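Asks: Below are the structure tokens for one structure; questions will follow.
Values in this text are rule-based calculations from the coordinates and carry no lab data. Note that this is a predicted model, so its numbers are computed, not measured. All Cβ positions, glycine included, derive from the backbone under ideal geometry; neighbour counts span all protein chains shown.
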Amino acid sequence: MADQQDDLDQDRIAIVGMGIRLPGAGRDLDRFWHNIENGVEAMSFFSREELSSWGVPDEVIDHPNFVPARSVLDDYDRFDGHLFGYSPQDSVLMDPQQRVLLECAWGALEHAGYPPIAPDGNRIAIHVGTGLNVYLLDILWPNTRAVKSAGGLGILISSDKDFAATRIAYKLNLQGTAFSVQTACSTSLVAVHLAVQSLLTYEADIALAGAASVGPPTRRGHFHEPGGIFSPDGRCRTFDNSAAGTVDADGAGIVVLKRYADAVRDNDTIHAVIVGTAAINDGARKAGFTAPGPAGQATAIRAAQAVGGIDPDTIGLVETHGTGTVLGDPIEVSALREVFGADRGDKPACALGALKSIMGHLDTAAGVVGVIKTVLAMKHRTIPPVARFTEANPALELDKSVFYVPKTAVEWPEIDGTRRAGVSSFGIGGTNTHVVLEQAPPNPNPGKQARPISELLLVSAKTEPVATESLARVDEHLRRVEPEELADLAFTLRTGRAELPWRGYVVRTPDEDFKPLRPVRKSSAQNAERGVGYFLTGVGRLPGSAHTYNVDPSFREIIDQGYADLRGLGDDFDLETRERVGRFSVAVAWVDALRRRGVHPVVLVGQGAGAVAAACVAGVLSFSDGVRLAARHPATGIVLAPPETALYTADGTPVTDDEATDIAYWAARFDEPTVDFAVPTTVQDPAAWLEIGTQVAPHAGVDAPAMSNGYDRLLSSVGLLWELGIGGPWDPVFDHGRRRVPAPGYPFAPTRHYLDIPATAKERHL
């Protein structure tokens, strides 16, 4: 039975991340779900003055069949080009659809808990598409000065659909396949299908799929024709008896996919599971090239279910293409009836869903946003309503089917112990696609800490204001996070974000009040190259490390090993000897704690027990031999080596190789007088210093924040160095059992990059 489940899991694909840019919701998935659950429409209607200012001709505005409606993005004309390294000139030339997709891909990877600028050697694929670049036709091309300045190649690179996927791959360093997909309205769901195939054939390990469709203000409206695609009043009443068409919508969506078994292994948050996909074409089996084909639709649906081995009677929701047209709705339901039949016994009826009822037609992006909508419904265990539905179109013949159209949000019942859904997307021209989804199973690796401890949460951004905003978002998010979830959040922010110049951090201690946020600081390559120096003083109150001893197993192991080594030398040592061993062990343990958190010194300064600890850290002598010296035990058998890291005395005098390999030299260092910390003068000239006694005290150019214990001071020191650009990957032990979880994403700082329509451009066509 276990082998059968393993075989089944091999063919399943996990949805581990989602990114959107949608009317009425922006980038906010929670807001999108609120609109879905409550049937909140996103359509906008425009005044004559607005349309005229955008360049819509009077003869269009005054046409009796013109409907000034569309679902639009609030910031359609804005783009954070600075984040991606684009100049204002390049940004204004680029197809806004591709700009939206680029930001959406960044956000989707962050939502999945993976850095949006991928490391070399990755196998991350990107399959995306866009709609027609109407910005080029209506806005850019009439601006002859901008066109001449850019040149033919510049216009081509910035405008052509061919570069939608490769542009994202280049900017985010995605080194798997990069395919631009174009199948009209089914583009984004075909992209999902292709991404699934790339994962199942091991062509990729992670795959992004989606699309964007964004039109300029010149296209904010449509002509209604009776029996046609577009609505007479700017509303979409899918499946309703009064359905008469849809309305255009701007938006984008991207999903991040992984093989299910890999996602479980890697402790990803799995939002839902894809169990089957299929894509086919109608061929000539329909009334005309633009007409829907029921036979082709049914074939795609049946094939996707067969791929996953899914009984249609176990599917509780179908998110339909749902055009809301007189012709399209009955044809789509007839295809569904052919696949699902007319009876499913005592199982609950299957609901029909229609994203277009609240948003209109997202064109190339419709399919993937339908997937995202359905995933959210699964996560909330809720069947969402079809907006403005009152009475079914009799031509649907729902009474002869297993389907119903929900008017309000209702609880989604399980069928055979799970929830499953289908998502359809049918493109003009006949490319039909269907995806079968299943709710995510319970997480086999909860990852919650039984004993929550303080955590270091890191943020970075391209600019100071954005870094400040990012830090504030994390701080606000922390107020809603349970203590046992803190470690997963810290892990996600540390490993699943790009490392950008402006940086900040928060040390969050469970059960303590929130502290004021500190200003962010700018890191630099120079700081990273100069690194950090350690001044190991060996002084302080030994109980000062007690909290760290209790919460950090590796720290505790070193302390315990020190006293174990001492016991191995005898049992008649006095308190002074035990204290020397303790100070030596604590200093080494602090350095090891920093090393495990990615911090390595470029120079070591020491005094007293700290001097011998520095020698141990530099590779001059072993830890056990350091304990022997601290215990003043006969030094026979101790082997010394030249230091691997530069060593200095407290007054800035370099330790020579002869001194470093002299046992008597190190034995005498225990008795030298101690001095207060002062920044030593060394050849290495580090950008910051850490004073290490029985606790860690940073000297990093700013006052260190007040912390309640030594462990929090350790984390704060790592954070201060991170701000400067000092530090590297943490020891994998900190990642063991941790989960990637949704966390606050990058707060884009878009600015306007959009040409105005020139006064000389007189004609516009809708």
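Asks: Once you keep just the Cα pairs under 8 angstrom separated by 6 or more residues, what percentage relative contact order results for segment 557-694? Kindly include the intermediate steps, with their values, before the conclusion.
Replies: Working: 189 pairs, mean separation 37.5, N = 138.
It comes to 27 percent, rounded to a whole number.
Asks: Just how large is the dipole of the chain about the Cα centre, in debye to the nearest 20, putting +1 at every Lys and Arg Cβ and -1 at every Asp and Glu Cβ?
Replies: In debye, rounded to 20, the chain gives about 1240.
Asks: I would also like to ask the following. Looking at this model, which pairs from Lys356/Lys400; Lys161/Lys379; Lys161/Lys407 are more than 31 angstrom apart at the alpha-carbon?
Replies: Lys161/Lys379; Lys161/Lys407, as the Cα separations exceed 31 Å there.
Asks: What's the long-distance tail for the chain, i.e. % of Cα pairs beyond 34 Å?
Replies: Distances greater than 34 Å cover 56 percent of the Cα pairs.
Asks: Now, a different point. Taking R0 as 56 Å, what's the FRET efficiency between His63 and Arg479 from their Cβ-Cβ distance, rounded to 0.05?
Replies: Details: r = 53 Å, r/R0 = 0.95.
Once rounded, the FRET efficiency stands at 0.60.
Asks: Shifting gears a bit: Counting only complete DSSP H runs, which helices of the chain cover 30 Å or more along their long axis at the Cα atoms and score a mean Kyte-Doolittle of -1.0 or above?
Replies: Long hydrophobic helices here: 575-596.
Asks: Take Gln89 and Val679, extend 7 Å from each Cα along the Cα→Cβ direction, and tell me the distance between the two endpoints in nm.
Replies: Placing both labels 7 Å along Cα→Cβ, they lie 4.2 nm apart.
Asks: Can you give the relative contact order of the chain as a percent, counting alpha carbon pairs under 8 Å and 6+ residues apart?
Replies: Reported relative contact order: 16 percent.
Asks: Hey, another quick one. Have a look at Val307, Tyr711, Ala528 and report the one farthest towards the positive end of the charge dipole of the chain, computed about the Cα centre with Cβ charges (Lys/Arg +1, Asp/Glu -1).
Replies: Most positive-ward Cα: Val307.
Asks: Restrict the search to segment 710-759; then list the trypsin sites (Lys or Arg not before Pro) that DSSP places in a loop and that have at most 11 other Cβ atoms within 10 Å of their Cβ.
Replies: none
Asks: A follow-up question, please. How much of the DSSP beta bridge set in the chain is antiparallel, as a percent to the nearest 5?
Replies: Of those bridges, close to 65 percent are antiparallel.
Asks: Sticking with this structure for a sec: Beyond 41 Å, how much of the Cα-Cα pair distribution for segment 2-439 remains, as a whole percent?
Replies: Values: 11867 of 95703 pairs.
Every Cα pair in segment 2-439 considered, those over 41 Å come to 12 percent.
Asks: Moving to a separate point now. Under the definition of Cα pairs under 8 Å and six or more residues apart, what whole-number percent is the relative contact order of segment 2-439?
Replies: Relative contact order comes out at 23 percent.
Asks: Of all DSSP beta bridges in segment 527-712, what percent run antiparallel (nearest 5)?
Replies: 25 percent
Asks: Which one of Ser158, Val655, Ala613 has its Cα pushed farthest toward the positive end of the charge dipole of the chain, where Lys and Arg give +1 and Asp and Glu give -1 at the Cβ?
Replies: Of the listed residues, the answer is Ser158.
Asks: Also: Give the residue from Leu575, Val192, Ala589 lying farthest towards the positive end of the charge dipole for the chain; charges sit on Cβ (+1 for Lys and Arg, -1 for Asp and Glu) and the dipole is referred to the Cα centre.
Replies: Highest projection toward the positive end goes to Val192.
Asks: Thinking of segment 385-463 as a set of Cα atoms, what percent of all their pairs are more than 17 Å apart?
Replies: Above the 17 Å cut-off, segment 385-463 has 75 percent of its Cα pairs.
Asks: For Ala759 and Gln175, compute 0.36 nm times the residue count separating them, minus their Cα-Cα distance, and round to one decimal in nm.
Replies: My answer for the length gained is 205.8 nm.
Asks: Calculated from DSSP H runs of 4 or more alone, at -39500 (n - 2.57) each and per residue, what is the 222 nm mean residue ellipticity of the chain, nearest 500? It would help to have the intermediate numbers written out before the result.
Replies: Details: 25 runs with 262 residues, N = 766.
Rounded to the nearest 500, the figure is -10000 deg cm²/dmol.
Asks: Return Ile315, Ile301 ranked ascending by Cβ neighbour count within 10 Å, so the fewest neighbours appear first.
Replies: Ordered by Cβ neighbours within 10 Å, fewest first: Ile315, Ile301.
Asks: OK, next. Say a site is exposed when it is one of the GluC sites (Glu not before Pro), sits in a DSSP loop, and has at most 15 other Cβ atoms within 10 Å; what is then the longest site-free stretch of the chain?
Replies: Excluding the exposed sites themselves, the longest stretch runs over 1-202.
Asks: Starting from the Cα of Asp28, step 7 Å along the direction of its Cβ; do the same at Asp571; then give the gap between the two resulting points in nm.
Replies: 6.8 nm
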